[in-house]
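Contents: one structure, followed by commentary.
The values are calculated or read from the model by the stated rules, or taken from the named source; none is laboratory data. Small disclaimer: the values here were computed from a predicted structure and weren't measured. Every residue, glycine as well, gets a Cβ built from its backbone with ideal geometry; the counts of neighbours run over all protein chains shown. These area figures cover heavy atoms from the full protein model, side chains too; ligands, DNA and RNA do not enter into them. Shrake-Rupley method; radii C 1.70, N 1.55, O 1.52, S 1.80 Å.
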Amino acid sequence: RASVVLVLDERLENADQRFRNLSHAQALLDTADQALLDARDLAVEAQSIASSQIGVGSDATTRRNQALVINSILQEMTGVANRSFADVHVFAGASVPRQPFESYLGGIRYNGTGEGLRTDLGAGLDFPVTISGEQAFGALSARLEGDVDLNPSLTRSTRIADLNGARQLGVSLGQIDVTIDDGVTPVTIGVDLAGIENVGDALDRIEAAIRAQDPGALAGGYPSAGTAGEQLTFNVTGTYTITFADVGSGTTAQDLGLDSGPTYADLDPKVTNLTQLTDLAPVGGMTYGDIRFRNGSNTGVVTTSPGMTVGQLKAQIASLGLGIRAEISEDGKSLNVVNEVSGLYMSVEEVGGGTAATSLGIRSLTDSTRVSDFNFGRGVSIADGAIDPVSGLPDPARNMDFRVNTRNGGSFDVDLEPGDMGTVADVLMKINLAAPAGFLATLAADGNGIVFEDGTLPVTGQTSVTKLNGYAAEDLGLLNGVYTAGATATFAAEDRAKVRVDSVFTTLMEMRTALETNNERGITIAGEYLAPDIDRLHQARALVGARASRIEAGRGREQDVQLLNEKLRSDMTELDYTSASTRYALLQLAQQAGLTTTAQSFSRTLLDFLG
């Protein structure tokens, strides 16, 4: 009974702490719920302002005044996003002591990390009691995904855990059978690969077993086992064959690609922080040099070299202080670049005609970039399907998108059609088909953006672009291009493939800018962006509400269990005096009777039974 009481005491003590945890979690979620409601109201107010500032009812002065209101909403939204309870920031993910949102380089940077803070809430309540700023406000959703499989080479130092394996299921380590055939008497030996750390360990263990069985099976000096590309290799003596097989239901030989000899399967190593750039083998090969990272008006350059590791590259990018970081993709095949600062537009560019960013697959504008990714996913709006209002027939003039004025005084018109809007290469080809001799549309060798190389003669003016119909010229960045004279003049368009943080803060900043510059199309676009921002806030509030409801139910269950445990302990430790006195008197009487009977039996002798 005493041991049971000790167990109950421990349970009650744990229950008290868990109940305090539940109460604290409830307060955190209530704080988050109110903050999300306030944020939703602010976003709806901004959306209403956007709607009111579209059309003839507003002018430049009215819009500038409303820009001040949007700026005030932005400041309030930042305050809401930094709301806390008992020094715990509810939108900081797991980094709760630190304020999650801060002004940074003219934008707003998210400092939180992780999904959220967890604590002991009892059985069935394993979820965070805070949420990430990304879930609520969209703070880290801008990602430049690498478009190149970097194909890292297999080396002796490659960890087994970093292999996708020949079956793309990783590598399961165990015993394999190695058959050595000298052409006369085949011999099979077992090799146990359990517990090895890297490819070199596997090769050394296999080679040692082969040499111990038949020193002549492997040609050359040690080591005769190595790697080539993404495969394992064995330098087998010409008169021998060596084959590998799994033992029982094991898959080690299959996973290591050894069951398909003598040419073994690729093991598809993953990119890791320790992978050297010289070990990467993307299609087209690796090149090295300068890569420019731009976020808003802030720039920095990282210089790559063969001996640099991926981890060092990531560290140098982070050290630029631009709110840009690189990360390895989940499948371990490529690199991604993430913009952490709302309100700033990120690009990754080549420098001086180099191709280092392109070879790593992280340049933000290439020939293969989808046109639909331009303008933060809005794509390029072309004039298409317009008809003559009089004849009712298609009107080519109304479907012409823009006119390019060449430096020799000539011009040509470009009509982009839906079939031309696949990739940047498709758009460039359509422009070049319409261009005269001496004129070429290409991508910038330094920086990003479409560039017109104008070699037409004689030189009588400057290259420029005139909008005809639709928004193609604007969406391709051609209306504000920069002309540079030379033997071959250049006209460099704006980069419209930059990466935007898809957050409510970015939307409010864009709306403020559009109102300040009297840009009605920009106001319309910002108003449209607010719809998914509001939906995200609704979804985050629904998540918080569901968690709060489960915690409330958990509090009830915890109280019931606590009362039951207290009753059990009370039954074992507390005393009913009346009942205990009665039981004590009865036990005492029974004991006295027993003693009397015993005394009487002890006083008898054999003589008492004779006769």
Legend entry - Every residue from region 290-313 that is β-branched (Val, Ile, Thr) and either in contact (Cβ under 8 Å) with a residue 40 or more places away in the chain or assigned to a loop (DSSP other than H, G, I, E, B) (or both): Ile291, Val301, Thr304
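Within region 202-251, count every residue that is part of a strand (DSSP E or B) and either touching a strand residue (DSSP E or B) at 6+ places or on another chain (Cβ under 9 Å) or closer than 19 Å to Ser172 by Cα (or both).
Of the residues in that region, 15 qualify.
Suppose the filter is over 30 Å from Ala437 (Cβ atoms) and open to solvent by 10 Å² or more (accessible area, probe 1.4 Å); does Arg500 pass it?
yes
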Inset, instruction - Kindly indicate the residue of region 354-413 that is acidic (Asp, Glu) and not in a helix (DSSP H, G or I) and also farthest from Ala489 (Cα to Cα) among those meeting that condition. - result: Asp388
Inset, instruction - Name the single residue, out of those in region 376-413 being of a type in the set (S, T, N, Q) and in contact with a Ser or Thr (Cβ under 9 Å, 6 or more places away or on another chain), that is surrounded by the fewest Cβ atoms within 10 Å (Cβ to Cβ). - result: Ser411
Inset, instruction - Please list, ordered by first then second residue, the pairs with beta carbon atoms under 7 Å, 6 or more apart or interchain, first in region 314-332 and without any contact (Cβ under 8 Å) to a residue 24 or more places away in the chain, second in a loop (DSSP other than H, G, I, E, B). - result: Arg325/Glu340
Legend entry - Any hit, region 456-475, residues being of a type in the set (A, V, I, L, M), crowded, with 22+ Cβ neighbours inside 10 Å and in contact with a Ser or Thr (Cβ under 8 Å, 6 or more places away or on another chain): yes
Legend entry - Count of region 341-353 residues which are assigned to a loop (DSSP other than H, G, I, E, B), among the hydrophobic types (A, V, I, L, M, F, W, C) and surrounded by 22 or more Cβ atoms within 10 Å (Cβ to Cβ): 1
Inset, instruction - Go through (1) open to solvent by less than 30 Å² (accessible area, probe 1.4 Å); (2) in contact with an Asp or Glu (Cβ under 7 Å, 6 or more places away or on another chain); (3) of a type in the set (A, V, I, L, M) and name the single condition Ile210 misses. - result: (2)
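Condition check ((1) of a type outside the set (Val, Ile, Thr); (2) open to solvent by less than 20 Å² (accessible area, probe 1.4 Å); (3) within 30 Å of Asp255 (Cβ to Cβ)) across all residues:
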position	(1), (2), (3)
Gly112	yes, yes, no
Gly116	yes, yes, no
Pro128	yes, yes, no
Leu169	yes, no, yes
Thr179	no, no, yes
Arg205	yes, no, yes
Inset, instruction - Sort through Ala553, Ala542 and tell me the only one that's open to solvent by 60 Å² or more (accessible area, probe 1.4 Å), under 30 Å from Ser23 (Cβ atoms) and without any contact (Cβ under 8 Å) to a residue 12 or more places away in the chain. - result: Ala542
Legend entry - Filter result (crowded, with 19+ Cβ neighbours inside 10 Å and either outside any loop (DSSP other than H, G, I, E, B) or of a type in the set (Lys, Arg) (or both)) within region 252-269: Thr252, Ala253, Gln254, Asp255, Leu258, Pro269
Legend entry - Residue list for region 301-324, filter: within 18 Å of Arg109 (Cα to Cα) and touching a helix residue (DSSP H, G or I) at 6+ places or on another chain (Cβ under 9 Å): Ile324
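Quick one: which residue in Leu479, Leu416 is touching a helix residue (DSSP H, G or I) at 6+ places or on another chain (Cβ under 6 Å), open to solvent by less than 40 Å² (accessible area, probe 1.4 Å), under 30 Å from Leu344 (Cβ atoms) and not in a strand (DSSP E or B)?
Leu416
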Inset, instruction - Filter region 147-165 for residues that are open to solvent by less than 60 Å² (accessible area, probe 1.4 Å) and either touching a strand residue (DSSP E or B) at 6+ places or on another chain (Cβ under 9 Å) or among the β-branched types (Val, Ile, Thr) (or both) and give the result. - result: Val148, Leu150, Asn151, Pro152, Ser153, Leu154, Thr155, Thr158, Ile160, Asp162, Leu163, Asn164
Legend entry - Looking only at region 433-446, and only at residues there that are more than 19 Å from Phe374 (Cβ to Cβ) and under 41 Å from the mean Cα position of the chain (by Cα), the one that is most open to solvent (accessible area, probe 1.4 Å): Leu433
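Evaluate the following for Leu173: is it open to solvent by 20 Å² or more (accessible area, probe 1.4 Å), over 22 Å from Leu335 (Cα atoms) and assigned to a loop (DSSP other than H, G, I, E, B)? Please lay out each step first, then the result.
Working: open to solvent by 20 Å² or more (accessible area, probe 1.4 Å): yes; over 22 Å from Leu335 (Cα atoms): yes; assigned to a loop (DSSP other than H, G, I, E, B): yes.
So Leu173 fits the description; yes.
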Inset, instruction - Could you tell me which of the residues Gly311, Gly238, Gly300, Gly289 is on the phi > 0 side of the Ramachandran plot and either open to solvent by 30 Å² or more (accessible area, probe 1.4 Å) or modelled with pLDDT of 95 or more (or both)? - result: Gly289
Legend entry - The one condition in (1) in contact with a Gly (Cβ under 7 Å, 6 or more places away or on another chain); (2) modelled with pLDDT of 95 or more; (3) open to solvent by 30 Å² or more (accessible area, probe 1.4 Å); (4) closer than 28 Å to Pro282 by Cβ that Ala356 fails to fulfil: (3)
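Taking only region 87-98 into account, find how many residues are out of contact with any Gly (no Cβ under 7 Å at 6 or more places or on another chain) and either open to solvent by less than 70 Å² (accessible area, probe 1.4 Å) or at pLDDT 90 or above (or both).
Count: 4.
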Inset, instruction - May I ask you to verify whether Asn408 is touching a Pro at 6+ places or on another chain (Cβ under 7 Å), of a type in the set (S, T, N, Q) and either in contact (Cβ under 8 Å) with a residue 40 or more places away in the chain or more than 30 Å from Asn298 (Cβ to Cβ) (or both)? - result: yes
Legend entry - Filtered residues of region 482-494 (kept if open to solvent by less than 20 Å² (accessible area, probe 1.4 Å) and either in contact with a Lys or Arg (Cβ under 8 Å, 6 or more places away or on another chain) or assigned to a strand (DSSP E or B) (or both)): Ala489, Phe491
